[in-house]
Structure formats: structure tokens, C-alpha cells
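The values are calculated or read from the model by the stated rules, or taken from the named source; none is laboratory data. Because the structure is predicted, anything quoted here is derived from the model rather than measured. Using ideal geometry, Cβ is built from the backbone for each residue, glycine included, and neighbour counts are taken over all protein chains shown. With ligands, DNA and RNA removed, areas are computed over all heavy atoms of the protein, side chains included. Shrake-Rupley method; radii C 1.70, N 1.55, O 1.52, S 1.80 Å.
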Amino acid sequence: QVQLVESGGGLVQPGGSLRLSCAASGFLVSRYSMSWHRQAPGKERESVVGITRYGISTNYADSVKGRFTISRDNAKNTVYLQMNSLKPEDTAVYYCRWDSQSFWGQGTQVTVSS
């Protein structure tokens, strides 16, 4: 059974960091491109960053460049999103996606607030 389970979200102060995890089952993340997306209240879902099957990060959103990093642990079959220097405007539900199947996880809430 294919599953994507995100975790690691929470409440963090501006300037803080979080690392999101996307644990996959039913397929190998090392064989496919994956991506992170987010949806803020009242806004459309937007792409944050992707990672190719070769482990190369792609298409960082301008708003997160230099602050967010995508990575992958093939042994754990997990994709990560390291988020540093968080801003209130990063507040959103974050989703990972198996791109070729347009298969989404359930999302994890990130709230950046003092």
C-alpha cells in the first residue's frame, strides 16, 4: 500500500528551524522525483522544492531559497525538508508528493509565530 506520512511540523518562533520528514511506503523514493508543497490559509497550494531521482534538488521557490533544503535518505525511504530562518509567511500546511503519480501525503502544519 502506497503511503506518504509527513511529520515534524509545529509551532516555532520567527528565525527558528524545523525539519519535516516524509516517510514513504509502497515504493522507493530513490527511483522517483519527489517534492514539497505548502498551502497557507486562503491561498492556493504552491510548490516549495523538488528532488530528482538522482538526488538533485530542483525548483526552489524564490521565497525559500537559501533557507530551505531538501534531502533524501534512501535507507529510510524518507524525504526531508530542512527549514531555517523561518518567517511568519512560511506558516502553512506542508505536503510532500510522489510526483509521477501525483500522490500526496496528508500534510503537516507549520506555524511561525512569536
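Key figures for this structure:
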{"quantity": "Rough spin-label spacing in nm, given labels placed 7 Å along Cα→Cβ, for Gln101 and Glu44", "calculated": "2.6"}
{"quantity": "Histogram of C-alpha separations across region 65-114, 5 Å bin width, %", "calculated": "5, 16, 22, 27, 17, 10, 3, 0"}
{"quantity": "Normalised contact order of the chain, rounded percent, pairs of Cα under 8 Å and 6 or more residues apart", "calculated": "36"}
{"quantity": "Compactness relative to 2.2 N^0.38 Å, alpha carbon Rg of region 1-56", "calculated": "1.32"}
{"quantity": "Stokes-Einstein diffusion coefficient of region 17-114, Kirkwood radius over Cα pairs, 25 °C, 0.890 mPa s, in µm²/s", "calculated": "182"}
{"quantity": "Dipole in debye (nearest 20) - the chain, about Cα centre, beta carbon charges: Lys, Arg +1; Asp, Glu -1", "calculated": "200"}
{"quantity": "For the chain, accessible area per residue (1.4 Å probe, heavy atoms of protein chains only), Å²", "calculated": "53"}
{"quantity": "Paramagnetic reach from Val2 in region 28-50 [backbone N under 16 Å; point 7 Å along Cα→Cβ]", "calculated": "28-36"}
{"quantity": "Carbon + sulfur, % of accessible area of region 53-114 - ligands and nucleic acids excluded, 1.4 Å", "calculated": "45"}
